[in-house]
């Protein structure tokens, strides 16, 4: 029996969701009709996708090499870089910009790889498909029993920008996943 190799299309695997507070969302969706202009959402998302490889430098030390990619094979580590830019004409207040993305199907979150929480950013995770989020440790409730979810079982990553986002300002968000074999 031969093993099948496959390449997973990376861009199709990523879906980022932008949420704004009700006041901003209401302002941005106040246009009538089903089509919205580019001015209806003040946040523009941009994505870069890389394969992460371990390399040995000339001096014998090890490091990482990032190679832009649009597909990956099982076992490879993929780094997603999302960039949220305020393309509007007004400053967005703290806590208004929320970026949420699922861990793509066929992939597993790499522990400690997401842009960490700081005084400027809150990073949270979900292990229940995005229903609930929290900072680690993430708790799962099953049959009235709570247990700590392993980071490799996280299903979603969410970032909340805790500072004002000025017009033209861009904020980066990174996380890594491991491409699983089809049988995993």
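A few points about this structure:
- Flag if residue 101 is assigned to a loop (DSSP other than H, G, I, E, B) and either within 24 Å of residue 179 (Cβ to Cβ) or at pLDDT 95 or above (or both): no
- Pair list, Cβ < 7 Å and 6+ apart or interchain, from the stretch 56-76 residues that are in contact (Cβ under 8 Å) with a residue 12 or more places away in the chain to residues that are surrounded by 11 or more Cβ atoms within 10 Å (Cβ to Cβ) and part of a loop (DSSP other than H, G, I, E, B): 71/7; 72/7; 73/7; 74/180; 74/181
- Residues being surrounded by fewer than 18 Cβ atoms within 10 Å (Cβ to Cβ) and closer than 25 Å to residue 158 by Cβ - total across the stretch 77-91: 6
- Residues that are under 15 Å from residue 101 (Cα atoms) and surrounded by 12 or more Cβ atoms within 10 Å (Cβ to Cβ), drawn from the stretch 117-150: 122, 123, 124, 125, 126, 127, 128, 130, 132, 133, 134
- Evaluation of residue 112 against (1) in a loop (DSSP other than H, G, I, E, B); (2) exposed (fewer than 15 other Cβ atoms within 10 Å of the Cβ); (3) under 14 Å from the mean Cα position of the chain (by Cα); (4) in contact (Cβ under 8 Å) with a residue 40 or more places away in the chain (one fails), failing number: (4)
- For the stretch 98-119, a residue qualifies if it is closer than 16 Å to residue 160 by Cβ and in contact with a strand residue (DSSP E or B) (Cβ under 7 Å, 6 or more places away or on another chain), and the qualifying residues are 98, 99, 100, 101, 114, 115, 116, 117.
The values are calculated or read from the model by the stated rules, or taken from the named source; none is laboratory data. The model shown is predicted, which means the values in this text are computed figures rather than measured ones. Methodologically, a virtual Cβ is constructed for each residue, glycine included, from the backbone with ideal geometry; neighbour enumeration extends over all protein chains shown.
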